[in-house]
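Asks: Below is one structure. I have some questions about it.
The values are calculated or read from the model by the stated rules, or taken from the named source; none is laboratory data. Quick caveat: nothing in here was measured; it's all calculated off a predicted structure. Cβ sites come from the backbone with ideal geometry, for glycine too, and all protein chains shown count toward neighbours.
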Amino acid sequence: MHAGTIAFLIGIVIFLQLSTLPPDWLLVFLPFILSVLFIRPKLQIFHKYILVVSCSMICGFLWALLRADIILANELDRTVESETVIITGEVVSLPDIMDSGIRFEFQIAEMKSRNGIRLENPGKVRLGWYRENVAILPGQYWRLHVRLKRPYGFSNPGGFDYEGWLFQHRIRATGYVRNKEHNELLYGASAFSINYYRYLLQSLINTSHIGEFEKGFISALSLGDRSKISAKQWQTLTQTGTSHLLAISGLHIGLVAGLFFIVGRWLWACAGPLPLQISSQRFAALAGLLGAFIYAALAGFSIPTQRALIMLSVWMLSLFFNRKYAVSDIISISLLAVLIIDPFAAMDAGFWLSFMAISIIAYGMTCRVQTNISGWRNVWWKWGRVQYLVAVGLFPLLVLWFQQYPLVGILANVIAVPYISLIVVPLVLLGIVLLPFAFPVGELVLQLAGQTLGFLWPLLEYLSSLEFNLWHSASPSPLAFVAGMIGVFILLLPKGMPARWIGIFWLLPLLLPHSESPETGDFWLAQLDVGQGLGSVVQTQAHTLIYDTGDKFSQRFNAADAVIIPYLKYQNIQRPDLLIVSHGDRDHIGGAEALLRKYPQIQVLTSIEEKIDHAKVDKCVEGKSWQWDGVDFEILSPNHSEAYQGNNSSCVLRISNDQHSILLSGDIERTVEARLIRTSSEKLSAKVLIAPHHGSKTSSSLAFIDAVAPEIVVFPVGYRNRFGFPKQDIISRYESRQVKILNTARDGALLFRFEDSEMIFSRYRYDNQRFWTSGF
């Protein structure tokens, strides 16, 4: 059973590595192979075992293929992208209120062109409605004028796979509502919508006299809505390893189910002759299942919640039918059930962390010699051991997924888990239950929950502020990860087993990661995909430079947090040396605040010192030069005498060694291009040119292209950006000079290595394409 389940999972994982969907004939051919294998008579036991494992793996692969085919069948037609269409359907999520408007998920029932022609329905879409005061409620039925585009996200090493997230949530297009069109509410919110009642509870929380700090945590712990948790609060939770406490998953679902189980058993035992009809254990199991279902419904049946509910249902049903299964059997059945219901749950880090945590606890706590400790000391000893097992057991996975490990996590979780689970969560749920019926009383209970959480928060902030709170690592290789898992298995063997210390040696590839860096005299350039904006990272052997920081899209989302910092973590760069902010346009300076908050020691070079609130700021001027590890850096513009002129004050940076050179030109326009040709023509030549002003018509004159004579030009632009960059006229100019054209919207991050006499480059979107990612 266990081997078959693991093989089923492996089949799904293999499928998730595919860059394109395999041909449909596999859906017929592989089942035919399975049937041939099964009808072979009198197989030996070993051969039967191999057959079961092989068949389970093929079944996992086929099941994922079948489900992917169904999801991807609802693709938005490319001819419809960015055209105004009319959609009719239902709001199917809680509205996410942002600075500039509102965002929500919408299930389309019908889609038409503006001429009334029926169009293919993509199903569920994610919409934004900006600059208009409109009340969106879950369950409402609307006719909307929208512009849609196919699923698309940034594509960078170490970055979040937004397209994968959309695929996993069955969202097949994103877009926005047109404000100038006639949008119409057809029906009010349905009383049969769970999300409608979640919205009413959210409104009650928002209108209560609870502090803003507490509202975010209360919404997260009761409704699974974590949108109000600030970036600073997330940082504290992440650095202490306690962010899982705000996810309504196994821990909280199990707590509520356990509470309903205990109360249900007690009530049924007091119910006179009723226990003769059905045992107290059976009734308690149903009560526990009911409690878990209610809490999962409050959380909107999110993916982590569904996973926890499935696992708990398996456990409760085993109690109901009075079947005694080993813990490993419960885990195996739960894993198989989760994968059958949603094979793409395996795309989520939470899936691996939750099942690994349960498996490690079962492995480390069962079939072990009991200690002589008794009473409360025994309870605390077991609790401490559980935290030790989780801390050690999840180490390889945390390094693989996040390239960091919270060293204070054991201490933080030993205190925070029982405190939040046994005190804060019960108070929050009691307050939520009372809020609709006795608002003042419910509000008082929620205020008490917030104050209780406030007692714990200073400790978490202190632990997160410690200099050694986080251990960083480069992204491990598959072999290093497998070695780490073997090391964990050996370290957690029962006490008395010989040579457990050997496990430490197996962990060494993870503990002492090898981070690649250029040799002396070589340098690397990562032209990151930050959308419509610019963000570049240059590495020499011992130094790192960041050129521009991309856009700030909202108070909660900027290119530094989303792209640049994850890339630095992926490369195990802990202390970048220099940040150049070329000029003051938002798509270049937008992420600077977040970057400086993360790396306060970094030196800044910019043409707009007054806009940078930082202790180490210097002016970017022509003639400034330096050398790092045999690589030369020189600022070619702006000059000393010029007042700030917006785009034309961009810092122009040339980087070179004996064989190669690149030119980062910011947003300079033709006037500066002409001046550079006059004053610095001998310094302009470069193998790689980051196109001036993203390929605007105001830049890239033929004279400038000839002076630089690049082999490659990179257009750092956003997908279907509103400016239409790069302009076709500009593309034609470069093509007329036989320059190879690269584009971050199409190619993702562009990674260049300038080594000896060789220039190597790769396109991240193409090299890491999966079947759910956008193709061009």
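Asks: Filter the helices (runs of 4 or more DSSP H) completely within the stretch 391-460 down to those with at least 1 residues that are over 29 Å from Arg198 (Cα atoms).
Replies: Because the criterion is at least 1 residues that are over 29 Å from Arg198 (Cα atoms), the helices (runs of 4 or more DSSP H) in the stretch 391-460 that meet it are 395-402, 409-419.
Asks: Restricting to the stretch 60-76, name every residue that is at pLDDT below 90 and either in contact with a strand residue (DSSP E or B) (Cβ under 7 Å, 6 or more places away or on another chain) or buried (at least 16 other Cβ atoms within 10 Å of the Cβ) (or both).
Replies: If the condition is that a residue be at pLDDT below 90 and either in contact with a strand residue (DSSP E or B) (Cβ under 7 Å, 6 or more places away or on another chain) or buried (at least 16 other Cβ atoms within 10 Å of the Cβ) (or both), then Asn74, Glu75 are the ones that fit.
Asks: Please note which strands (runs of 3 or more DSSP E) are completely contained in the stretch 81-136 and include at least 3 residues that are within 26 Å of the chain's Cα centre (by Cα). Walk me through it before giving the result.
Replies: Numbers: elements: 84-91, 101-113, 124-130.
In the stretch 81-136, the matching strands (runs of 3 or more DSSP E) lie at 101-113, 124-130.
Asks: Same structure again: Determine, yes or no, whether Ile294 is among the aliphatic types (A, V, I, L, M), surrounded by 20 or more Cβ atoms within 10 Å (Cβ to Cβ) and without any contact (Cβ under 8 Å) to a residue 40 or more places away in the chain. So that I can check it myself, show each step before the final result.
Replies: Values: among the aliphatic types (A, V, I, L, M): yes; surrounded by 20 or more Cβ atoms within 10 Å (Cβ to Cβ): no; without any contact (Cβ under 8 Å) to a residue 40 or more places away in the chain: yes.
Considered against the rule, which asks whether it is among the aliphatic types (A, V, I, L, M), surrounded by 20 or more Cβ atoms within 10 Å (Cβ to Cβ) and without any contact (Cβ under 8 Å) to a residue 40 or more places away in the chain, Ile294 comes out as no.
Asks: When you scan the stretch 93-122, how many residues do you find that are surrounded by fewer than 18 Cβ atoms within 10 Å (Cβ to Cβ) and of a type in the set (A, V, I, L, M, F, W, C)?
Replies: 4
Asks: Hey, does the stretch 368-383 have a residue that's among the aliphatic types (A, V, I, L, M) and under 23 Å from Thr242 (Cβ atoms)?
Replies: Yes, that holds for at least one residue.
Asks: A further question follows. Pick from the stretch 734-776 the residues that are among the polar types (S, T, N, Q) and assigned to a helix (DSSP H, G or I): which of them is surrounded by the most Cβ atoms within 10 Å (Cβ to Cβ)? Break it down stepwise before answering.
Replies: From the stretch 734-776, those among the polar types (S, T, N, Q) are 736, 738, 743-744, 757, 762, 768-769, 773-774; that's our starting set.
So of that shortlist, the ones also assigned to a helix (DSSP H, G or I) come out as 736, 744.
Details: Ser736: 10, Thr744: 30.
For the stretch 734-776, the residue satisfying everything is Thr744.
Asks: Within the stretch 449-471, track down each residue that is buried (at least 16 other Cβ atoms within 10 Å of the Cβ) and either under 26 Å from Met356 (Cα atoms) or aliphatic (A, V, I, L, M) (or both).
Replies: Passing the criteria: Ala449, Leu453, Leu456, Leu460, Leu463, Ser464, Asn469, Leu470.
Asks: Mind telling me which of the residues Ile205, Ile210 ends up being within 17 Å of Leu429 (Cα to Cα), outside any strand (DSSP E or B) and in contact with a Lys or Arg (Cβ under 7 Å, 6 or more places away or on another chain)?
Replies: Only one candidate qualifies: Ile205.
Asks: In the stretch 398-423, which residue that is touching a residue at least 40 places away in the same chain (Cβ under 8 Å) and among the hydroxyl-bearing types (Ser, Thr, Tyr) is farthest from Glu461 (Cα to Cα)?
Replies: For the stretch 398-423, the residue satisfying everything is Ser421.
Asks: Looking at the stretch 694-733, which of its residues are touching a residue at least 40 places away in the same chain (Cβ under 8 Å), within 17 Å of Val652 (Cα to Cα) and not in a helix (DSSP H, G or I)?
Replies: Thr698, Pro710, Val714, Pro716
Asks: In the stretch 574-585, which residue that is in contact with a Ser or Thr (Cβ under 6 Å, 6 or more places away or on another chain) and either part of a loop (DSSP other than H, G, I, E, B) or not assigned by TED's automatic domain parsing to the domain that holds Val717 (or both) is surrounded by the fewest Cβ atoms within 10 Å (Cβ to Cβ)?
Replies: Taking the stretch 574-585 first, the residues in contact with a Ser or Thr (Cβ under 6 Å, 6 or more places away or on another chain) are 576-577, 581-583.
Filter again for either part of a loop (DSSP other than H, G, I, E, B) or not assigned by TED's automatic domain parsing to the domain that holds Val717 (or both), leaving 576-577, 582-583.
Working: Pro576: 22, Asp577: 16, Ser582: 30, His583: 24.
Per the stated criteria, the residue is Asp577.
Asks: Looking only at the stretch 704-717, which residues are surrounded by 21 or more Cβ atoms within 10 Å (Cβ to Cβ) and under 22 Å from Leu751 (Cβ atoms)?
Replies: Passing the criteria: Val708, Pro710, Val713, Val714, Phe715, Pro716, Val717.
Asks: If only one of Phe351, Phe344, Phe395 is under 29 Å from the mean Cα position of the chain (by Cα), surrounded by 20 or more Cβ atoms within 10 Å (Cβ to Cβ), under 21 Å from Trp315 (Cα atoms) and not assigned by TED's automatic domain parsing to the domain that holds Val445, which one is it? Steps first, please.
Replies: Numbers: Phe344 fails: under 21 Å from Trp315 (Cα atoms); Phe395 fails: under 21 Å from Trp315 (Cα atoms).
One residue alone meets the criteria, Phe351.
Asks: Out of curiosity, is Tyr152 farther than 22 Å from Lys112 by Cβ, among the hydroxyl-bearing types (Ser, Thr, Tyr) and surrounded by fewer than 21 Cβ atoms within 10 Å (Cβ to Cβ)?
Replies: For Tyr152, the condition - farther than 22 Å from Lys112 by Cβ, among the hydroxyl-bearing types (Ser, Thr, Tyr) and surrounded by fewer than 21 Cβ atoms within 10 Å (Cβ to Cβ) - is met.
Asks: Of everything in the stretch 586-618, what is out of contact with any strand residue (DSSP E or B) (no Cβ under 6 Å at 6 or more places or on another chain) and either closer than 17 Å to Arg575 by Cβ or part of a strand (DSSP E or B) (or both)? Give them in sequence order.
Replies: Result: Leu595, Leu596, Arg597, Lys598, Tyr599, Pro600, Gln601, Ala615.
This table checks each residue for (1) among the aliphatic types (A, V, I, L, M); (2) in contact with a helix residue (DSSP H, G or I) (Cβ under 6 Å, 6 or more places away or on another chain).
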site: Leu676; (1), (2): yes, no
site: Ile712; (1), (2): yes, no
site: Tyr719; (1), (2): no, yes
site: Ser732; (1), (2): no, no
site: Phe752; (1), (2): no, no
site: Ser757; (1), (2): no, no
site: Tyr766; (1), (2): no, no
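Asks: How about the stretch 150-190: which of its residues are charged (D, E, K, R) and either closer than 30 Å to Tyr570 by Cβ or assigned to a helix (DSSP H, G or I) (or both)?
Replies: Arg150, Asp161, Glu163, Arg170, Arg172
Asks: Between Ser515, Ser536, Ser582, which is more than 23 Å from Asp632 (Cβ to Cβ), hydroxyl-bearing (Ser, Thr, Tyr) and touching a residue at least 24 places away in the same chain (Cβ under 8 Å)? Full working, then the answer.
Replies: On the way: Ser536 fails: more than 23 Å from Asp632 (Cβ to Cβ); Ser582 fails: more than 23 Å from Asp632 (Cβ to Cβ).
Sole residue among the options that is more than 23 Å from Asp632 (Cβ to Cβ), hydroxyl-bearing (Ser, Thr, Tyr) and touching a residue at least 24 places away in the same chain (Cβ under 8 Å): Ser515.
Asks: In addition: Mind listing just one residue for me: the one in the stretch 543-562 that is part of a loop (DSSP other than H, G, I, E, B) and at pLDDT 95 or above and, of those, surrounded by the fewest Cβ atoms within 10 Å (Cβ to Cβ)?
Replies: The initial filter retains those residues of the stretch 543-562 that are part of a loop (DSSP other than H, G, I, E, B), namely 543, 548-551, 555-556.
Now narrow it down to the ones that are at pLDDT 95 or above: 543, 548-551.
Working: His543: 20, Asp548: 33, Thr549: 31, Gly550: 32, Asp551: 25.
If we take residues in the stretch 543-562 being part of a loop (DSSP other than H, G, I, E, B) and at pLDDT 95 or above, then His543 is surrounded by the fewest Cβ atoms within 10 Å (Cβ to Cβ).
Asks: Identify, by number, the condition in (1) in contact with a Phe, Trp or Tyr (Cβ under 8 Å, 6 or more places away or on another chain); (2) closer than 27 Å to Ile340 by Cα; (3) in contact (Cβ under 8 Å) with a residue 24 or more places away in the chain that Ser318 doesn't meet.
Replies: Of everything listed in (1) in contact with a Phe, Trp or Tyr (Cβ under 8 Å, 6 or more places away or on another chain); (2) closer than 27 Å to Ile340 by Cα; (3) in contact (Cβ under 8 Å) with a residue 24 or more places away in the chain, Ser318 misses just condition (3).
For every residue, the table says whether it meets (1) among the acidic types (Asp, Glu); (2) out of contact with any Lys or Arg (no Cβ under 6 Å at 6 or more places or on another chain).
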residue: Asp69; (1), (2): yes, yes
residue: Leu76; (1), (2): no, no
residue: Thr79; (1), (2): no, yes
residue: Ser82; (1), (2): no, no
residue: Val85; (1), (2): no, yes
residue: Asp96; (1), (2): yes, no
residue: Asp99; (1), (2): yes, yes
residue: Phe104; (1), (2): no, yes
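Asks: Find the residue count for the stretch 574-591, including only residues that are closer than 30 Å to Asn469 by Cβ and out of contact with any helix residue (DSSP H, G or I) (no Cβ under 7 Å at 6 or more places or on another chain).
Replies: The qualifying residues number 5.
Asks: Considering each of Ala287, Ala247, Ala337, Ala345 in turn, give the residue that is at pLDDT 90 or above and within 30 Å of Trp471 (Cβ to Cβ).
Replies: Ala345
Asks: Next question, about the same structure. Would you say Ser203 is of a type in the set (Gly, Ala, Ser) and without any contact (Cβ under 8 Å) to a residue 24 or more places away in the chain?
Replies: Values: of a type in the set (Gly, Ala, Ser): yes; without any contact (Cβ under 8 Å) to a residue 24 or more places away in the chain: yes.
When the stated conditions are applied, Ser203 passes them.
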